[in-house]
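Enquirer: Quick one: this structure, given as structure tokens, is what I'll be asking you about.
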Amino acid sequence: MFGTASAEPAEEPFRWGAASAAYQVEGGASAEGKGRSIWDHYLDDLSLAGPGMSGAVAINFYDRAQYLQDIALMKEMGLTSYRFSISWPRIIPDGLGPANPAAIAHYRRFIADLKAAGIRPMLTLYHWDMPLSLAKAGGWENRESVAWFRHYADVVFDNFHDEVDLYVLVNEPLVERAMKQLAEQRMTGAPGEFAIVPPASDLAGSLRTFNHLLLASAAAKQSFDAKGYKGRVGLAVPLFPTLTGPDATPADREAATLADGVMNRWFLDAMYKGRYPADVLAAATAMGSDLGIRPDDAATIGAARFDYLGINFYAPLFIRRPAGAAPGYAAQMFLPEGTYAAYNGAVRPDQFRALLDRIRVDYGNPPVFITENGAGFPGEDELVDGAVNDTQRCRYLVDHIGAMKAAMDDGSDVRGYHVWSSHDNLEWLFGYGSRFGMIHVDFDTQARTPKLSARVYSDIVKGKPVTAASCG
Ligand code: GAL
């Protein structure tokens, strides 16, 4: 059973919210001088998610008449926090040139509208929609990206610091890289494989881009501090506890440990210990990879002292060493037969609690925001007689919030929780088929219908007694 009262740290009221990202919800693909992003290119020019599947309209959230209705629904649910992203190519259409006053005015009005409804903004600067011009110049693989991002972050801080005091610099470098790999496979006509654990062939490329994303974040954080603005600045990293299957061999377990290094410790050790994990560096070096990492990079990242850790948690990943792999790093994700799973993997709230315990014990108990947690299950988002009984999502949320609460009782310093997502929206290369929202969206009419999960989450937020049985 949960109530708001016991979940409130002394410093500030616990933030109960939901999360979204610009490209997944906004539409308005060329409204008010927006430049093009890599995702406009993937989904509109190249149709990589299939015909007609793009963010050109999405859930029409750039339209004020629409978003005001959506804010009203979230207010009714009692949400006190909304994590959203602003679009870099709206703010700086060609990535590096002058800022676009119309886009700044739009987001300032949006933030004012949110606050008027009693909902506090958590502003993400980068949720994957890189300006196309910069993507063509190499994107995050180019070390210049550190300077590009710092310039963009300065524009954002200068224009929003008086209204926003909580920023997410970048979202999920790991999953963004996996999406890019999938997009590139689809460009060749292959269906492609969504490999969240980097394959051996992309280990060096992944680590190189992660280093640049972390350095870019550190540069932005230093700039924020130097300007003397008040607020908290951090990153949202996807953390994936690594598990092995029942028949795991020592080689599988070794692969899982290294996968943990690549997906989790790479980011956490840099941010909280100022160094990259030795086992990952050794594995990459043994493969003859040039990571382009300079001796001081990890220390620079640690010295940035991010104000909080943003955790996106969906599932643990089962890891094995692929059969016949060449010597050295090789890791593959899989789902053991009979595992209960959502779109994003095995449903394991116990692993959420264990992850939060690990952050407390191994990383000095930093302030944490859950920047994303949520689920979608095939077939359960049907609108029948004006209702959506998303029982499995509802239970997923209740169980994961329970796990978070247990970790907090053990001392984890969690300051807020954001469901992915408030609304059904565009799931990147998977199009509109996989829904994650607590609010159902009819993608043809833009009609909104709160689901069962919205009602139960609202009860949690309002401190009413809730158990898994509340989900039916
Ligand atoms: C995350 C991502 C979100 C959303 C979510 C649901 O990895 O940050 O944008 O797509 O997964 O799968």
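The values are calculated or read from the model by the stated rules, or taken from the named source; none is laboratory data. Here the structure is a predicted model, which is why all the values come from computation and not from measurement. Don't worry about glycine lacking a Cβ; one is built from the backbone with ideal geometry, like all the others, and counts go over all protein chains shown. The accessibility values were calculated without ligands, DNA or RNA, using every heavy atom of the protein model including side chains. Shrake-Rupley method; radii C 1.70, N 1.55, O 1.52, S 1.80 Å.
Enquirer: Which whole DSSP H helices in the chain pass both tests: a Cα extent of 24 Å or more along the axis and a mean Kyte-Doolittle value no lower than 0.0?
Expert: What comes out of the filter, once short or polar helices are dropped, is 203-227.
Enquirer: Take each of the peptides 440-446, 418-424, average the number of other beta-carbon atoms within 10 Å over its residues, and list them starting from the highest.
Expert: The peptides rank, most packed first, as 418-424, 440-446.
Enquirer: Taking all protein chains as present, what is the carbon and sulfur share of the accessible area of region 14-465, in % to the nearest whole number, probe 1.4 Å?
Expert: On the way: 8220 of 15840 Å².
Carbon with sulfur: 52 percent of the solvent-accessible area.
Enquirer: Distance from the Cα centre of region 119-139 to that of region 322-366, in angstrom?
Expert: What the calculation gives is 27 Å, centre to centre.
Enquirer: Using a cut-off of 10 Å between beta-carbons, work out the net charge of the residues near residue 36 (Lys and Arg +1, Asp and Glu -1, residue 36 not included).
Expert: Numbers: positive: 34; negative: 40, 44, 45, 94, 129.
That sum, taken over residues with Cβ under 10 Å, equals -4.
Enquirer: Just the ratio, please: alpha-carbon radius of gyration of region 158-259 over 2.2 N^0.38 Å, N its number of residues. Before the final figure, lay out the partial values.
Expert: Working: Rg = 18.1 Å, N = 102, 2.2 N^0.38 = 12.8 Å.
In units of the globular-protein estimate, region 158-259 measures up at 1.42.
Enquirer: At 1.4 Å probe radius, can you tell me the per residue accessible area of the chain in Å²? Can you show the working numbers first?
Expert: Numbers: 17020 Å² over 472 residues.
Spelled out: the 1.4 Å probe surface of the chain, per residue, equals 36 Å².
Enquirer: Shifting gears a bit: Based on the Cα atoms of region 20-138, what semi-axes does the equivalent ellipsoid have, where each is the square root of 5 times one gyration tensor eigenvalue, given in whole Å with the largest first?
Expert: 25, 16, 12
Enquirer: For residue 197, list long-range residues whose amide hydrogen, built 1.01 Å from N in the peptide plane, is under 5 Å from its own amide hydrogen.
Expert: 333
Enquirer: List the residues whose amide H sits under 5 Å from the amide H of residue 451, counting only those 5 or more places along or on another chain, with H placed 1.01 Å from N in the peptide plane.
Expert: Correct list: 439, 440.
Enquirer: Another question, if that's okay. Averaged across orientations, what area in nm² does the convex hull of the alpha carbons in the chain project?
Expert: 21.1 nm²
Enquirer: Going by amide H atoms built from the backbone, whose H comes under 5 Å of the H on residue 318, apart from near neighbours?
Expert: For residue 318, whose amide H was placed from the backbone, the distant partners under 5 Å are 243, 334.
Enquirer: Over the C-alpha atoms of region 347-426, what are the Rg and the largest Cα-to-Cα span, Dmax, in Å?
Expert: 14.7, 50
Enquirer: Next question. What does the charge count around residue 394 come to, taking other residues whose C-beta lies under 11 Å from its C-beta (Lys +1, Arg +1, Asp -1, Glu -1)?
Expert: 0
Enquirer: Same structure, new question: Put a dot 7 Å past each Cα toward the Cβ at residue 469 and residue 158; how far apart are the dots in nm?
Expert: 5.9 nm
Enquirer: Could I ask something else about it? When the chain is fully extended, how far beyond the present Cα-Cα distance does residue 109 get from residue 282, taking 0.36 nm per residue of separation?
Expert: Taking residue 109 through residue 282 to full extension adds about 57.3 nm, to one decimal.
Enquirer: Which value, in Å² and to the nearest 10, is the accessible area of residue 94 when all protein chains are kept and the probe is 1.4 Å?
Expert: Using a 1.4 Å probe on the heavy atoms, I get roughly 90 Å².
Enquirer: Still on this model: Where the centroid of each part is defined by its Cα atoms, how far is region 143-193 from region 7-73 in Å?
Expert: If you average the Cα positions of each part, the centres end up 14 Å apart.
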